[in-house]
1. Would you mind telling me which numbered condition in (1) at pLDDT 95 or above; (2) open to solvent by 30 Å² or more (accessible area, probe 1.4 Å); (3) not in a loop (DSSP other than H, G, I, E, B) residue 288 fails?
2. Name the residue, out of 85, 72, that is surrounded by 22 or more Cβ atoms within 10 Å (Cβ to Cβ) and in contact (Cβ under 8 Å) with a residue 40 or more places away in the chain.
3. Working only within the range 198-219, note down all residues that are under 20 Å from residue 34 (Cβ atoms) and either part of a loop (DSSP other than H, G, I, E, B) or basic (Lys, Arg) (or both).
4. Quick check on residue 222: is it without any contact (Cβ under 8 Å) to a residue 12 or more places away in the chain, of a type in the set (D, E, K, R) and open to solvent by 10 Å² or more (accessible area, probe 1.4 Å)?
5. Can you confirm whether the range 231-240 contains a residue that is buried (at least 21 other Cβ atoms within 10 Å of the Cβ), farther than 26 Å from residue 44 by Cβ and either of a type in the set (A, V, I, L, M) or over 17 Å from the mean Cα position of the chain (by Cα) (or both)?
6. Which residue pairs have Cβ atoms closer than 8 Å, lie 6 or more positions apart in sequence or on different chains, and pair a first residue in the range 182-197 that is farther than 16 Å from residue 233 by Cα with a second residue that is assigned to a loop (DSSP other than H, G, I, E, B) and among the charged types (D, E, K, R)?
7. Quick one: residue 41 ticks every box in (1) more than 30 Å from residue 222 (Cα to Cα); (2) open to solvent by less than 20 Å² (accessible area, probe 1.4 Å) except a single one, so which number is it?
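The values are calculated or read from the model by the stated rules, or taken from the named source; none is laboratory data. Keep in mind the model is a prediction, meaning the values are calculated, not measured. Ideal geometry is used to build each Cβ from the backbone, glycine not excepted, and the neighbour counts take in all protein chains shown. The area values use the complete protein model at the heavy-atom level, side chains included, leaving out ligands, DNA and RNA. Shrake-Rupley method; radii C 1.70, N 1.55, O 1.52, S 1.80 Å.
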Amino acid sequence: MRKDGKRLRDVNPMYTIVPYIMCERNDALNNVTVKIPYAPLHSYLNASRKKGEPISHMAVMLAAYVRVLTQYPVLNRFVVNRKVYAHNDIKVSLVVLKPGSESDETMGKIDLALEDTIFDVNRKINEYVEVSRNIEESNSMDKLVSALTRIPGLLRVAVGLLKWMDKHGIMPKSIIDASPFHTSLTISNLASIRTKEIYHHIYNFGTTSLFITMGSPEKTVEMVDGEPKEVRYLPLGVVMDERIASGLEYAQAFRKFAHYMEHPEVLEQPPESIKLDSPFVKKEKKKKKEK
């Protein structure tokens, strides 16, 4: 029934029960700081600039995230109304400052694909930022909010109705497409305003199960070969909904995520294989039988 996901009915019994115990996302928040060694990442970004194809920190992060989804599709799940779903696609919410402003922000979404390389992701981010910053008018979400606030009391009624429709899976696709709360991942680059990473809550409304903030690179002193050495890290504040995946799956996925960010050259090639979530696997098997 939902326009943005498929119901999973063959999940581990524990994940059928847990949403009844932890009914909302704020019941099920786990958070962790993922520290990415900065030296190899910095070297890669410098090398890409010298080649005439500059790549951003954000592109590396999103390319790493997409590559992880090819091996851990459970991270692209969400829970609504105590039911577990798999996203139909990969949409990421990004925050962009409006032109000529240091504080006025807008949120929009970027579409990614499991087959994307780091070059594909970098191009899509550049196109999204360029369009967002050059648009004089508000985006879809800004227009929707503006319309709802014109009539006193309408916003409260409208938001209540939207929440009810979302809960029961009858939200119109046009609103889902405009909503920054209906995504696989929400990400915020706090390094762009020179501040630390934070643990940003994930919203009860919508479908986002992961929120990542990127902080400014930080220095620490570690013992290397018995000698103190200054090391730089890129800190990421990660908040996740524990109802979509086990702690082991999250741990394995973010170890792989950190590996890709430390070795972004791997992301220049398409993935060697792609694991699909339950409903997509069934669909593939059915097509093979028909042939």
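1. It fails just one condition, (1).
2. Numbers: 72 fails: surrounded by 22 or more Cβ atoms within 10 Å (Cβ to Cβ).
Residue meeting the stated conditions: 85.
3. Step one: list which residues in the range 198-219 are under 20 Å from residue 34 (Cβ atoms), which gives 198-202, 208-219.
Correct list: 198, 199, 200, 201, 202, 208, 209, 215, 216, 217, 219.
4. yes
5. For the range 231-240, residues buried (at least 21 other Cβ atoms within 10 Å of the Cβ), farther than 26 Å from residue 44 by Cβ and either of a type in the set (A, V, I, L, M) or over 17 Å from the mean Cα position of the chain (by Cα) (or both): present.
6. The qualifying pairs are 182/4; 184/89.
7. It is condition (1) that residue 41 fails.
Residue-wise test of (1) under 29 Å from residue 27 (Cα atoms); (2) modelled with pLDDT of 95 or more.
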| position | (1), (2) |
| --- | --- |
| 43 | no, yes |
| 64 | yes, yes |
| 67 | yes, yes |
| 99 | no, no |
